[in-house]
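Step one of this worksheet: look at the structure below.
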Amino acid sequence: MKEIKIETKLRLFEGLGELPIDAFNLMQSAINARTKAYAPYSNFSVGAAILLDNGAVVTGSNQENASYPSGLCAERTAIYAAGAQYPDAKMLKMAICAGSKTNITQTPIPPCGACRQAISEYEIKQSTPIEIYFMGETGQVAQSLSIKNLLPFMFDKSVL
Ligand code: THU
């Protein structure tokens, strides 16, 4: 028997003001996208924004459905829109902002497992890392330099 240890790394910024300007601007797009969430069932709204290497910014927000599993998270709404609209562009950075309508979220909210899997698909496809910034409504902003830090030991096409 052998034990393996997997390390991961995140950076924490004290607030929006500490972010590099491009990440700050992208987070503003995510914050704006969050206002367009359709979340009448969970009252939890999420906005995501993706910066592409052609300069375009593609945004998304969570879209819920009375048939709950038919809804989609903000991150996948954004990443599938980016993939559909700009199939040849590389994704450089993604910003995510999330929070509940009923209480103020002050800690960074990471993307769910399914969204991590979707992000990993595009990172592998383009062979360059996608930087991910995520936050709650206010407070610290976390940064992951690659999806690999959020999804270690990932399932990918190499095993198919
Ligand atoms: N949600 C996202 O948009 N992104 C995530 O990574 C986690 C959850 C949405 C889905 C649902 O509309 C609401 O937040 C509550 O789960």
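Some notes on this structure:
- Members of region 21-37 found to be within 16 Å of the ligand (Cβ to nearest atom) and either loosely packed, with under 13 Cβ neighbours inside 10 Å or on the phi > 0 side of the Ramachandran plot (or both), listed by number: Thr35
- Flag for Thr138 being closer than 17 Å to Ser29 by Cα and part of a loop (DSSP other than H, G, I, E, B): yes
- Scope region 67-81; condition near the ligand (Cβ under 9 Å from one of its atoms), in contact with a Gly (Cβ under 9 Å, 6 or more places away or on another chain) and not aliphatic (A, V, I, L, M); matching residues: Cys73, Glu75, Arg76, Thr77
- Exactly one residue out of Glu14, Glu18, Glu64 is within 15 Å of the ligand (Cβ to nearest atom), touching a residue at least 24 places away in the same chain (Cβ under 8 Å) and either surrounded by fewer than 24 Cβ atoms within 10 Å (Cβ to Cβ) or more than 26 Å from Pro87 (Cβ to Cβ) (or both): that is Glu64.
- Residue within region 82-92 that is within 14 Å of the ligand (Cβ to nearest atom) and at pLDDT 95 or above present: no
- Some residue of region 93-106 being more than 14 Å from the ligand (Cβ to nearest atom) and closer than 23 Å to Lys148 by Cβ: yes
- A single entry from Thr138, Thr102 fulfils the requirement of being at pLDDT below 95, surrounded by fewer than 18 Cβ atoms within 10 Å (Cβ to Cβ) and polar (S, T, N, Q): Thr102.
The values are calculated or read from the model by the stated rules, or taken from the named source; none is laboratory data. Fair warning: this is a prediction, and the values are worked out from it, not measured in the lab. Please note: Cβ atoms are built from the backbone with ideal geometry, for glycine as well, and neighbour counts cover all protein chains shown.
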